[in-house]
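Input: a single structure, listed below in structure tokens.
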Amino acid sequence: MRKNLEIPQGKRTKLYRFLEILPGALSYGAIILLFILSWVDPVLGSIYLFILIASTLVKAVGIAYRTIQGYEVIKRAGRVDWRKRVEDLATPHDAYERLCNDNNKSYHFEEHLENLKMMTAMGKEYPNPNKIYHVVIMTAYNEGEEVLGPSIEAVKDTTFPNDHIIFTLAYEARGGEEIEQTAMRLKAKYKDTFREFMLVKHPDNLPGEVIGKGPNLTYAGKAVAKYVEAKHLPIENIIVTSLDSDNHMAPKYLDSVAYEFITHPNRQRLSYQPVSLFMNNIWDAPAPSRVIAVSNSFFNVISTMRPHVLRNFASHSQPLQALEAMDFWSKRTIVEDGHQYWRSLFFFSGDYSVLPIRIPIYQDAVIDDSLWKTIKAQFIQVRRWDYGASDVAYVGSKLFVKKEQRLMPFWQLFPKFWRLLDGHVTLAIMAPIVAFGGWVPMIMNLSAHTMVGYNLPNIVSVVETFAAAGLIVTVLISFRMLPKRPAKYRKSRNISMLLQWILMPVTSILYQSIAAFYSQTRLMLGLYMEKFDVTKKVVKK
């Protein structure tokens, strides 16, 4: 039976429309319910609010713990010689014997020994490390060489052999003559650097496609598959990594992915997810962008410590054989990265997961030509991410159907659906509720002189004080994760990097709550976002 993995276009079924409306309805309903309960009885409103605030406190504690834990794990992973470990896999028995007597034990040493022991026993069932190839597909719209060049250099400078890397620059025809000329110059410059430097121009206005990254990736992926077939390369040993134009790989990333790919028997049913850190230009970005960039970086650090809820985000790696089987990425959504998780999950009937790679890929914080343009561009980027609420309908439509129509068991999928829905609703409602909710029971029932109603703002303030402890941890670790301060900035720049966190309540409401409500409202009204608004890349000299 052929599996229908596509998002519907045009008219939706009644179930699908209900599920599209659901996130926004719950988000608006949660806010309205606070006013209704407070009007009926301020005690009821207070209890409802306290439950929501208390859940925020619990999450804040968890965030602080996971942030510290994730930071330490990423540091340790960065100290591993992943190239040497991949080389060990070529002769697992000899490497095992040698390392058993080695006193220089490092991160995950015991795990590495266990992998060598298992490979020795299993023999040829594991891929030959010398026959692993990486395909890197970098998507571009109209970015210049000053943006694309450093990203290509980062791939070139990885510890993985360049003669086993197929670099593919996937650029848009709608980008015009300028990107065409840039692509040609880059081809001339790097044609002898990798095994192959491919240029793939994605045509404009192909039927059944939204204007976004997914169609470009899919078009390039198909071109890569044809190249692999023509060159008689082992498709089962090829890993594809998708990159945005501003993404800089850490040097050990490709070797780390290759190692995990080889040592996991279920390798074709895994995605390999790096830690996305928005740190490339963090010293150049204005304060609002820095707060968002660091906050999103820490969200990704935390996510890597929770593999059971980890989903694809931004850059990620996946085997070419699996991608070709599922027809690559979706061409009907502007959030192809997160959607790829669900697409893969349903294709493999639930036997699929995302494996965290604790080596980062660095991305740009948002910078435009002026502060106002930057604030606007940041909102556009975040609302695009928040449009991932569209996956609620996609997942629900495959959950709430007859048993014979389901692509995976109900009770295996339902918790994932619930976490998806809860995540988007929480994103929309928590910032305004924490900021202003404490006053609602008292304002809505001024005649009710209840101790709970009048003391609730003070109670909320105490809870917020404890929650701020999580923010303090974030601030401290953020300073340790920052790249070296550029020479063009004085030490006084450090002060602004600290004071920027005063903006946290404002950015939480503007870039979390309002952006989430915007995207969910569009879904409620059927005003679908079918154009990927490219974030302008500005490089400060």
Q. Does D368 qualify as being touching a Ser or Thr at 6+ places or on another chain (Cβ under 8 Å) and under 18 Å from E236 (Cα atoms)?
A. no
**Q.** Set S478, S519: member being at pLDDT 85 or above, under 27 Å from the mean Cα position of the chain (by Cα), among the hydroxyl-bearing types (S, T, Y) and not in a loop (DSSP other than H, G, I, E, B)
**A.** S519
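If a residue counts only when it is more than 17 Å from Y341 (Cβ to Cβ), which helices (runs of 4 or more DSSP H) contained entirely in the stretch 358-443 have at least 2 such residues?
Numbers: elements: 371-386, 390-399, 410-436.
So the answer is 371-386, 410-436.
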**Q.** Evaluation of Q273 against (1) at pLDDT 95 or above; (2) polar (S, T, N, Q); (3) in a loop (DSSP other than H, G, I, E, B) (one fails), failing number
**A.** (3)
Q: Tell me, yes or no, whether the stretch 236-257 has at least one residue that is more than 29 Å from G149 (Cβ to Cβ) and either touching a residue at least 24 places away in the same chain (Cβ under 8 Å) or in contact with a Phe, Trp or Tyr (Cβ under 6 Å, 6 or more places away or on another chain) (or both).
A: yes
Q) Name the pairs whose Cβ atoms lie under 7 Å apart, with the first residue in the stretch 405-429 and farther than 12 Å from D386 by Cα and modelled with pLDDT under 95, the second of a type in the set (D, E, K, R) and surrounded by 14 or more Cβ atoms within 10 Å (Cβ to Cβ), and 6 or more positions between them or separate chains? A) R406/K398; L407/K398
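Restricting attention to the stretch 123-138, does a residue exist that is surrounded by fewer than 17 Cβ atoms within 10 Å (Cβ to Cβ), polar (S, T, N, Q) and modelled with pLDDT under 90? Before the answer, list the steps.
Of all residues in the stretch 123-138, those surrounded by fewer than 17 Cβ atoms within 10 Å (Cβ to Cβ) come to 123-125, 128, 130-131.
Add one more test, that the residue is polar (S, T, N, Q), and what stays is 128, 130.
This time we only want the ones that are modelled with pLDDT under 90, so: none.
Scanning the stretch 123-138, I find no residue that is surrounded by fewer than 17 Cβ atoms within 10 Å (Cβ to Cβ), polar (S, T, N, Q) and modelled with pLDDT under 90, so the answer is no.
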**Q.** Residue satisfying condition, being within 19 Å of V135 (Cα to Cα), assigned to a loop (DSSP other than H, G, I, E, B), of a type in the set (D, E) and not assigned by TED's automatic domain parsing to the domain that holds F414, within set D351, D327
**A.** D327
(Q) Looking only at the stretch 495-540, count every residue that is out of contact with any Leu (no Cβ under 8 Å at 6 or more places or on another chain) and farther than 24 Å from G212 by Cα and tell me the total. (A) 14
Q. All but one of (1) at pLDDT 95 or above; (2) outside the structural domain of P251 (by TED's automatic domain parsing); (3) within 23 Å of N281 (Cα to Cα) hold for R383; which doesn't?
A. (1)
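Given the criterion within 30 Å of the chain's Cα centre (by Cα) and of a type outside the set (K, R), identify the matching residue among G70, G45.
Working: G45 fails: within 30 Å of the chain's Cα centre (by Cα).
Result of the check over G70, G45: G70.
Name the residues in the stretch 304-341 that are over 19 Å from S242 (Cα atoms), of a type outside the set (D, E, K, R) and either buried (at least 24 other Cβ atoms within 10 Å of the Cβ) or touching a residue at least 40 places away in the same chain (Cβ under 8 Å) (or both), would you? Show your work before the answer.
So the first thing to find is which residues in the stretch 304-341 are over 19 Å from S242 (Cα atoms), and the list is 305-309.
If we keep only those that are of a type outside the set (D, E, K, R) too, we end up with 305, 307-309.
M305, P307, V309, listed by residue number.
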Q.
Quick check on my filter: what residues within the stretch 226-266 are in contact with a His (Cβ under 9 Å, 6 or more places away or on another chain) and hydrophobic (A, V, I, L, M, F, W, C)?
A. I238, I239, V240, L254, V257, A258
Q) What number of residues in the stretch 233-253 are under 12 Å from H134 (Cβ atoms), over 20 Å from the mean Cα position of the chain (by Cα) and either part of a helix (DSSP H, G or I) or outside the structural domain of G144 (by TED's automatic domain parsing) (or both)? A) 1
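Looking at R12, R76, R2, R83 in this structure, which one is part of a helix (DSSP H, G or I) and either at pLDDT below 95 or in the same structural domain as L420 (by TED's automatic domain parsing) (or both)? Outline the logic, then answer.
Numbers: R12 fails: part of a helix (DSSP H, G or I); R2 fails: part of a helix (DSSP H, G or I); R83 fails: either at pLDDT below 95 or in the same structural domain as L420 (by TED's automatic domain parsing) (or both).
Within the list R12, R76, R2, R83, the selection yields R76.
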Q) Does the stretch 23-36 contain at least one residue that is free of Cβ contacts under 8 Å to residues at least 12 places away in the same chain, under 13 Å from M442 (Cα atoms) and in the same structural domain as D422 (by TED's automatic domain parsing)? A) yes
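The values are calculated or read from the model by the stated rules, or taken from the named source; none is laboratory data. Just so you know, these numbers come straight off a predicted model, no measurement behind them. Backbone-built Cβ (ideal geometry, glycine too); neighbour counts: all protein chains shown.
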